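Engineer: This is the structure I want to talk about, given as C-alpha cells.
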2 protein chains.
Amino acid sequence: MISKEQIATAFQDLQDQICGALEVADGLGRFREDAWQHHSGGGGRTRIIENGHIIEKGGVNFSGVWGETSDALAKQMNLAQKAEYFATGVSIVQHPVSPMMPIIHMNIRYFELSTGACWFGGGIDLTPHYVVEADARWFHQQLKNTCDQHHADYYPKFKKWADDYFFIPHRNETRGVGGIFFDYLKPKGETNNTAAEALAQSKDELFDFVLAVGQTFAPIYTHLMRQNHALPYGEAEQNWQTLRRGRYVEFNLAWDRGTKFGLETNGRTESILMSLPPVARWVYNHQTAPQSREAHTLELLKKGIDWV
Amino acid sequence: MISKEQIATAFQDLQDQICGALEVADGLGRFREDAWQHHSGGGGRTRIIENGHIIEKGGVNFSGVWGETSDALAKQMNLAQKAEYFATGVSIVQHPVSPMMPIIHMNIRYFELSTGACWFGGGIDLTPHYVVEADARWFHQQLKNTCDQHHADYYPKFKKWADDYFFIPHRNETRGVGGIFFDYLKPKGETNNTAAEALAQSKDELFDFVLAVGQTFAPIYTHLMRQNHALPYGEAEQNWQTLRRGRYVEFNLAWDRGTKFGLETNGRTESILMSLPPVARWVYNHQTAPQSREAHTLELLKKGIDWV
C-alpha cells in the first residue's frame, strides 16, 4: 500500500512535470521557486510564473506538512483529541493574459492522521471570461474520460459536487463552467456512510485516480493555450476580463473553504493567495448589453448544465 | 425617548448632508441613487459616486429594513425564539483617485428587536495608501474630540476596538491607521455586563453620540480632500495604491464581519460591495524597498499606536 512519503514524492514529480509543460506552452514565462518551511514541520515549494507570453500570473504549488492538529484543525475534523497529521498536495491557478483564454484551477491533496484515518481530495475547474460551449464540452469530456477509467460514478458525482462548490451565492453565479470536485475520499471499508462507501476503492486505487486527475491538468490547459491564446480581442474584452477576475476574487476570499482554512490556520499567505489575479476591477451594478457575448456568458454560469 | 422612525429619518438626513458635502468638495462627481426594497420589509437608498475629480468610486448608503429574524440572524444574536427586528444605518466607503489621499470608511447603525432590546453600533476608520503621521494624528484628534463630548471612556475604548476590528490577520497588518469602532452599545440598565454598562448612557444620549460620529465624517474627509488631493504623484505611487487596495479587498471579503453577514443573509450585494475599489492589484510576495515611504507605511500599520 502506498505510503504518505510516496504520495508526497509523486506530487512533487507532478509539480515538476506541470511546470515544465506550462513553460513549453507559454514560450516565455519561467517559474521561480520559493521553498518554505511550515511552523510545525515540513514545508513547500511555491512556484510562480508572472508576465509570460500567455500566462500573466499563476502558481503551481507543492506542500507537504505535518505536526500536531491545531484547535482549528481538530474542530474542522471533529476530532475528540489531538493527533498528528500529515498533509500534502498540489495547487494550481493560472490567470492568462488574454480574455479569450480561461482561468484554470486544479488541486489534489492527501491527508492522514495518526489515528489511522486518511483521505484524498481534489478538483479541477475552468473559469472562462467568455464561455465557449465547445470548449466547455471538450473540457468536461476530458474530465469524464479520466474519471470513467477509475469509477463509473465519479464523473456524475464529482461534476455535481463542483457545481455546488464553485458557486458564488451572493451573485447567484457559478465561478465558471465547473469541472469536478471531491473531498474525504476514503479507502474502502473506512468511511462512515454508504454514500461515501459507494465511491470508495482501495487506497492505491484512490491514489491512482487522484494522480490521474493531476496528470489531466497539463494536456487540458496546454491544449486551451495553443487553441485560444492568439484569438483577437480589444479593450472591451479586457474590461470584461478584469470584472470577471473581480468575481474570482470574491469567490476565493469570501467563499472558498480551502482559502479560508489556510488563512485561518496560519498557512503561508503568499502561497495561498497566489490564486488572486494580477488585476481586478469593480464597477457598481455593472449590466451587460442584451444579446451580447457577456450576457450569453452570464446565462451559462449556472449549476446543472450537462456538458457531455 | 427617540423612536426607531426618528432615528431612521435622522440617518436619511445625514445621508443627504454627507452627499451634498462630498459633491461640493469633489467639484465634479455627482451621486446617483438606487432605491431598493428589502425582501422582508423596508429598503434603502444606495448612492454611488464614480469618476469624480477627487473621488474615483464611493458610496453613501442608507438602509432601513425590518422583518422576522432569519435563522442566521437569530443565531448571531443568540435569540431563543423568532422576533421582529428593525435595523437602520448609514454606510460609507470612499476610494479617492489620488494615492496621496486616504480611503475612508464610516458606518453608524441602530438595531431593535420586538423583545425590547435595542443597540447602536458604528465606526470610522482611515486607510491611507501612504501613512502621513500628522494626518493620522489630526484624524484621531477629531474622533477624540467628538467622543469626549459624550463619554470620557469612549475614545480610548473605541480606538482599541477599531485596532482589533480593522486588522488583517493573514497579513499581520492593520487595515490603516484605525479610528473608532463600537457595537452593542445599549441604553443604561439594559446591558448584560458591567463593562458594557460602564459605557452605557440613556438611549437619547447614545443616539446623540452616534449621530455626532456620523456628523464628524464630512468635515474630516472634506478637509483631507482639500489638503491632499492636489499633492503630486506618479506611476510608482499609483502602483502602490492598487496593491494597498488589494489589501482593502482582502479585509472586506475575508474578515469584515459586516460584509460577511450581509452576503450570508441575502443582503443587497451591490450595496454591500460598493466598498470594493475600482481596481485592485496583486503581485506575488511584493517587497518594499528598504527606507522607502512604502516601507515606512507598513511599519505604521500596527495595533496600539497612540496617535493623540
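Engineer: Restricting to the stretch A:233-245, what's the tally of residues that are crowded, with 21+ Cβ neighbours inside 10 Å and hydrophobic (A, V, I, L, M, F, W, C)? Walk me through how you get there before you give the answer.
Structural biologist: Taking the stretch A:233-245 and keeping what is crowded, with 21+ Cβ neighbours inside 10 Å, we get A:240-241, A:244-245.
Narrowing the set further to residues that are hydrophobic (A, V, I, L, M, F, W, C) leaves A:240.
Going through the stretch A:233-245 one residue at a time, the tally reaches 1.
Engineer: Quick one: which residue in A:MET106, A:MET1, A:MET101 is crowded, with 23+ Cβ neighbours inside 10 Å and assigned to a loop (DSSP other than H, G, I, E, B)? Working first, answer last.
Structural biologist: Values: A:MET106 fails: assigned to a loop (DSSP other than H, G, I, E, B); A:MET1 fails: crowded, with 23+ Cβ neighbours inside 10 Å.
Answer to the selection: A:MET101.
Engineer: Also: Residues in the stretch B:157-202 that are within 14 Å of chain A (Cβ to nearest Cβ), in a helix (DSSP H, G or I) and not basic (Lys, Arg): how many?
Structural biologist: 2
Engineer: Further question: Which residue is farthest from the other protein chains (Cβ to nearest Cβ), if the candidates are limited to the stretch A:38-73 and must be modelled with pLDDT of 95 or more and surrounded by fewer than 15 Cβ atoms within 10 Å (Cβ to Cβ)?
Structural biologist: A:HIS53
Engineer: Which of the residues belonging to the stretch B:246-292 are out of contact with any Pro (no Cβ under 9 Å at 6 or more places or on another chain), part of a loop (DSSP other than H, G, I, E, B), surrounded by 15 or more Cβ atoms within 10 Å (Cβ to Cβ) and within 9 Å of chain A (Cβ to nearest Cβ)?
Structural biologist: Listed by number, the residues that qualify are B:GLY267, B:LEU276, B:PRO277, B:PRO278, B:TYR284.
Engineer: Please go through the stretch A:233-245 and pick out each residue that is among the hydrophobic types (A, V, I, L, M, F, W, C) and either touching a residue at least 60 places away in the same chain (Cβ under 8 Å) or facing chain B (nearest Cβ under 7 Å) (or both).
Structural biologist: Looking only at the stretch A:233-245, we keep the residues that are among the hydrophobic types (A, V, I, L, M, F, W, C), and these are A:236, A:240, A:243.
Answer for the stretch A:233-245, where residues must be among the hydrophobic types (A, V, I, L, M, F, W, C) and either touching a residue at least 60 places away in the same chain (Cβ under 8 Å) or facing chain B (nearest Cβ under 7 Å) (or both): just A:TRP240.
Engineer: So, one more: The conditions are (1) within 11 Å of chain B (Cβ to nearest Cβ); (2) exposed (fewer than 15 other Cβ atoms within 10 Å of the Cβ), and A:GLU299 fails exactly one of them. Which is it?
Structural biologist: Failed condition: (1).
Engineer: Check whether at least one residue in the stretch B:222-232 is in a loop (DSSP other than H, G, I, E, B), within 14 Å of chain A (Cβ to nearest Cβ) and crowded, with 18+ Cβ neighbours inside 10 Å, and report yes or no. I'd like the intermediate steps shown before the answer.
Structural biologist: At the first step, the residues of the stretch B:222-232 found to be in a loop (DSSP other than H, G, I, E, B) are B:229-232.
From what is left, the residues that are within 14 Å of chain A (Cβ to nearest Cβ) are none.
No, the stretch B:222-232 contains no residue that is in a loop (DSSP other than H, G, I, E, B), within 14 Å of chain A (Cβ to nearest Cβ) and crowded, with 18+ Cβ neighbours inside 10 Å.
Engineer: Within the stretch A:38-75, which residues are over 17 Å from A:ASP16 (Cα atoms), in contact with a helix residue (DSSP H, G or I) (Cβ under 7 Å, 6 or more places away or on another chain) and not in a loop (DSSP other than H, G, I, E, B)?
Structural biologist: A:ILE55, A:ALA72
Engineer: Could I ask something else about it? Which residue is farthest from A:ARG109 (Cα to Cα), if the candidates are limited to the stretch A:4-37 and must be aliphatic (A, V, I, L, M) and surrounded by 15 or more Cβ atoms within 10 Å (Cβ to Cβ)?
Structural biologist: The qualifying residue farthest from A:ARG109 (Cα to Cα) is A:ALA25.
Engineer: Starting from the stretch A:128-143, take each residue that is over 14 Å from A:PRO219 (Cα atoms) and list its partners that are modelled with pLDDT of 95 or more and among the charged types (D, E, K, R), counting only C-beta distances under 6 angstrom and pairs at least six apart or across chains.
Structural biologist: Hits for this filter: A:HIS129/A:ARG244; A:TYR130/A:ARG293.
Engineer: Listed residues A:LYS203, A:LYS188; which is more than 17 Å from the chain's Cα centre (by Cα), touching a residue at least 60 places away in the same chain (Cβ under 8 Å) and more than 30 Å from A:PRO99 (Cβ to Cβ)? Step through it out loud before you land on a result.
Structural biologist: Numbers: A:LYS188 fails: touching a residue at least 60 places away in the same chain (Cβ under 8 Å).
On inspection, the qualifying residue turns out to be A:LYS203.
Engineer: Scan the stretch B:292-300 and give yes if some residue there is out of contact with any strand residue (DSSP E or B) (no Cβ under 7 Å at 6 or more places or on another chain) and of a type in the set (S, T, N, Q), otherwise no.
Structural biologist: Yes, the stretch B:292-300 contains a residue that is out of contact with any strand residue (DSSP E or B) (no Cβ under 7 Å at 6 or more places or on another chain) and of a type in the set (S, T, N, Q).
Engineer: Restricting the stretch A:21-37 to residues that are assigned to a strand (DSSP E or B) and of a type outside the set (A, V, I, L, M, F, W, C), which is farthest from the other protein chains (Cβ to nearest Cβ)? Spell out the reasoning first.
Structural biologist: Looking only at the stretch A:21-37, we keep the residues that are assigned to a strand (DSSP E or B), and these are A:32-37.
After this cut, where a residue has to be of a type outside the set (A, V, I, L, M, F, W, C) as well, the list is A:32-34, A:37.
Values: A:ARG32: 9, A:GLU33: 12, A:ASP34: 7, A:GLN37: 15 Å.
Filtering the stretch A:21-37 for residues that are assigned to a strand (DSSP E or B) and of a type outside the set (A, V, I, L, M, F, W, C), the one farthest from the other protein chains (Cβ to nearest Cβ) comes out as A:GLN37.
Engineer: Looking at this structure, is A:ALA218 more than 14 Å from every other protein chain (Cβ to nearest Cβ), surrounded by fewer than 21 Cβ atoms within 10 Å (Cβ to Cβ) and more than 30 Å from B:GLU270 (Cα to Cα)? Outline the logic, then answer.
Structural biologist: Details: more than 14 Å from every other protein chain (Cβ to nearest Cβ): yes; surrounded by fewer than 21 Cβ atoms within 10 Å (Cβ to Cβ): no; more than 30 Å from B:GLU270 (Cα to Cα): yes.
Considered against the rule, which asks whether it is more than 14 Å from every other protein chain (Cβ to nearest Cβ), surrounded by fewer than 21 Cβ atoms within 10 Å (Cβ to Cβ) and more than 30 Å from B:GLU270 (Cα to Cα), A:ALA218 comes out as no.
Engineer: Then there is this: Which of the residues spanning the stretch B:116-172 are within 23 Å of B:GLN241 (Cα to Cα) and among the charged types (D, E, K, R)? Steps first, answer last, please.
Structural biologist: Here is the first cut: in the stretch B:116-172, the residues within 23 Å of B:GLN241 (Cα to Cα) are B:124-140, B:162-163, B:165-172.
Once the filter is applied, which keeps residues that are within 23 Å of B:GLN241 (Cα to Cα) and among the charged types (D, E, K, R), the stretch B:116-172 yields B:ASP125, B:GLU133, B:ASP135, B:ARG137, B:ASP163, B:ARG171.
Engineer: I'd like the full set of residues that are surrounded by fewer than 18 Cβ atoms within 10 Å (Cβ to Cβ) and more than 14 Å from B:ALA152 (Cα to Cα), limited to the stretch B:198-211. Spell out how you get there, then give the answer.
Structural biologist: Of the residues in the stretch B:198-211, the ones surrounded by fewer than 18 Cβ atoms within 10 Å (Cβ to Cβ) are B:198, B:201-202, B:204-205, B:208.
Passing the criteria: B:SER202, B:ASP204, B:ASP208.
Engineer: Further, regarding this structure: Only one of A:GLY20, A:GLY42 is in contact (Cβ under 8 Å) with a residue 24 or more places away in the chain and not hydrophobic (A, V, I, L, M, F, W, C). Can you tell me which? Before the answer, list the steps.
Structural biologist: On the way: A:GLY20 fails: in contact (Cβ under 8 Å) with a residue 24 or more places away in the chain.
Going through A:GLY20, A:GLY42 in turn, the sole match is A:GLY42.
Engineer: Just checking, does the stretch A:144-155 include any residue being out of contact with any Gly (no Cβ under 6 Å at 6 or more places or on another chain), outside any strand (DSSP E or B) and either closer than 26 Å to A:GLN291 by Cβ or modelled with pLDDT under 95 (or both)? Write out each step before concluding.
Structural biologist: Here is the first cut: in the stretch A:144-155, the ones out of contact with any Gly (no Cβ under 6 Å at 6 or more places or on another chain) are A:144-155.
Cutting the leftovers down to outside any strand (DSSP E or B) gives us A:144-155.
So of that shortlist, the ones also either closer than 26 Å to A:GLN291 by Cβ or modelled with pLDDT under 95 (or both) come out as none.
The answer is no, given that none of the residues of the stretch A:144-155 is out of contact with any Gly (no Cβ under 6 Å at 6 or more places or on another chain), outside any strand (DSSP E or B) and either closer than 26 Å to A:GLN291 by Cβ or modelled with pLDDT under 95 (or both).
Residue by residue, here is whether (1) on the phi < 0 side of the Ramachandran plot; (2) of a type in the set (A, V, I, L, M, F, W, C); (3) touching a residue at least 12 places away in the same chain (Cβ under 8 Å) holds:
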site: B:ARG247; (1), (2), (3): yes, no, yes
site: B:GLU250; (1), (2), (3): yes, no, yes
site: B:GLY262; (1), (2), (3): yes, no, no
site: B:GLY267; (1), (2), (3): yes, no, no
site: B:PRO278; (1), (2), (3): yes, no, yes
site: B:ALA289; (1), (2), (3): yes, yes, no
site: B:ARG293; (1), (2), (3): yes, no, yes
site: B:LEU300; (1), (2), (3): yes, yes, yes
site: B:LYS303; (1), (2), (3): yes, no, yes
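Engineer: Oh, and also: Which residues, counting only those in the stretch B:109-143, are assigned to a loop (DSSP other than H, G, I, E, B) and surrounded by fewer than 20 Cβ atoms within 10 Å (Cβ to Cβ)?
Structural biologist: B:SER114, B:THR115, B:GLY116, B:ALA117
Engineer: Among the numbered criteria (1) out of contact with any Leu (no Cβ under 8 Å at 6 or more places or on another chain); (2) closer than 19 Å to B:ALA10 by Cβ; (3) part of a loop (DSSP other than H, G, I, E, B), which single criterion is violated by B:ASP208?
Structural biologist: (3)
The values are calculated or read from the model by the stated rules, or taken from the named source; none is laboratory data. Quick caveat: nothing in here was measured; it's all calculated off a predicted structure. As a convention, Cβ positions derive from the backbone with ideal geometry for all residues, glycine included, and neighbour counts pool all protein chains shown.
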